[in-house]
1. Output the residue which, of all residues in segment 134-154 that are outside any loop (DSSP other than H, G, I, E, B) and β-branched (Val, Ile, Thr), is nearest to THR254 (Cα to Cα).
2. Condition first: of a type in the set (A, V, I, L, M), in contact with a Lys or Arg (Cβ under 8 Å, 6 or more places away or on another chain) and open to solvent by 10 Å² or more (accessible area, probe 1.4 Å). Now tell me which residues in segment 282-334 satisfy that.
3. Looking at the structure I just gave you, is GLU132 open to solvent by 70 Å² or more (accessible area, probe 1.4 Å) and over 22 Å from SER232 (Cα atoms)?
4. For the structure I just gave you, tell me whether GLU287 is without any contact (Cβ under 8 Å) to a residue 40 or more places away in the chain and acidic (Asp, Glu).
5. Out of segment 11-33, which residues are of a type outside the set (Phe, Trp, Tyr), within 19 Å of ASN238 (Cα to Cα), open to solvent by 10 Å² or more (accessible area, probe 1.4 Å) and touching a residue at least 12 places away in the same chain (Cβ under 8 Å)?
6. What residue, among those in segment 221-265 that are closer than 25 Å to ASN369 by Cα and part of a helix (DSSP H, G or I), is nearest to the chain's Cα centre (by Cα)?
7. Consider ASP347 carefully, then state whether it is surrounded by fewer than 16 Cβ atoms within 10 Å (Cβ to Cβ), more than 26 Å from the chain's Cα centre (by Cα) and not β-branched (Val, Ile, Thr).
8. How many residues does segment 187-220 contain that are open to solvent by less than 40 Å² (accessible area, probe 1.4 Å), more than 17 Å from GLY96 (Cβ to Cβ) and either β-branched (Val, Ile, Thr) or more than 22 Å from the chain's Cα centre (by Cα) (or both)?
Amino acid sequence: MTQEFDFDTVIDRKGTYCTQWDYVQDRFGKAGLLPFTISDMDFASPPAIQSALKSRIEHPVFGYSRWNHDDFKTSISHWFSKRFRTTIDKGDIVYGPSVIYIISKLIERWSKVGEGVVFHTPAYDAFDKMIEGQGRVCARSTLLKVEGRYQIDWQSFECLIAQPENTILLLCSPHNPTGRVWTHEELTKMAELCAKHGVRVISDEIHMDVSFSTHFPFTGFDQSMEWALVTSASKSFNVPALNGAYALIPNAQTREDYLFKLKQVDGLSSPSILGVIATMEAYNHCEDWLEALNNYVYQNHSYVRESLNAAFNDLQYVIPEATYLAWIDLSPLALDMDVLNRTLIDDYGVAIMSGEVYGESGLGHLRLNLGCSREKVKAGVQSLIQAIQCQLKS
């Protein structure tokens, strides 16, 4: 129990058409596994959100709805002001059905087929699929690991940014899967380089709320380049199935073009009313719940650190600065990762995301979802330790 919110009680999600639990076989080839996979959480959404949704459901009509009203926009501006001490212009806010949808539309707008999109790796695998699906080129800037903390390779990064065929920086802030929270200085330097070379910035900040360090929203940093910040309440408050995201797009023409695509071309301007309500309720009334969640997730990370570091002298798990995702570097143990994953599945009934999903720089890693009860974390980590020990002994 954390404060007045309960994150310990295990909630059975099976039979709810749940991607993580009911369809684990699709990715791992076996049903009934204990999953630590797709990045949603096993926790109940905040009580205030549940109450607001129940109240709306009691109204029997579910017709077309709107997002473009002051209640929705004010909840967002209030959140940025209170949470991040950042003032935003409500007129810059646009809606989208998902973060990836908005990013995809901006890439279409800001680049041509064959041009490059720069992003840091290891990276959320949807980036590769979306960029290549758009006929654009992935320009990967590999992060450097220094004393357990990921750093930008500034020489490599500027080299990519300076290439005229690379027109967009797709920033992941905080970074998935490493959990880096970019400092004000790092963000400012990236903004300066992008402005210098005429590169536009799209900042994916869907993990901005589950952060253990100070998060700075990317709002241009007084530079002249075009930029957009894209995010959602879905990850932080565990309501992704309700759909809905939003973006800050300060350039009026880009904003108008995006809204034309959303409504006139793609027919997606009428949002899920439950998603809109959940976002407003989360930002207006659920900060205490979020603080309790962050504390609980941090303790889950602490358990991973204590358990792995005690079991293996060669490992040094460092708690990330953000996210409920543990990015575990097993490369010092020189394991056969295919054998390890097969052992976890076949012998221990556990599904953990393989690091290779996030690109070549993810080899030798696992991404373990810690958005769940301590009981489940313990079961997963102990199974992982035993599976590693089994391979080391053989």
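1. Filtering segment 134-154 down to residues outside any loop (DSSP other than H, G, I, E, B) leaves 137-142, 144-146, 149-151, 154.
With β-branched (Val, Ile, Thr) added as a condition, the list becomes 137, 142, 146.
Working: VAL137: 22, THR142: 30, VAL146: 38 Å.
For segment 134-154, the residue satisfying everything is VAL137.
2. VAL318, ILE319
3. yes
4. So GLU287 fails the test.
5. If the condition is that a residue be of a type outside the set (Phe, Trp, Tyr), within 19 Å of ASN238 (Cα to Cα), open to solvent by 10 Å² or more (accessible area, probe 1.4 Å) and touching a residue at least 12 places away in the same chain (Cβ under 8 Å), then ILE11, ARG13, THR19 are the ones that fit.
6. In this case the residue turns out to be PRO240.
7. Numbers: surrounded by fewer than 16 Cβ atoms within 10 Å (Cβ to Cβ): yes; more than 26 Å from the chain's Cα centre (by Cα): yes; not β-branched (Val, Ile, Thr): yes.
So ASP347 fits the description; yes.
8. 7
The values are calculated or read from the model by the stated rules, or taken from the named source; none is laboratory data. Computed from a predicted structure; not experimentally measured. All Cβ positions, glycine included, derive from the backbone under ideal geometry; neighbour counts span all protein chains shown. Just the protein is used for accessible areas: all its heavy atoms, side chains included, with ligands, DNA and RNA removed. Shrake-Rupley method; radii C 1.70, N 1.55, O 1.52, S 1.80 Å.
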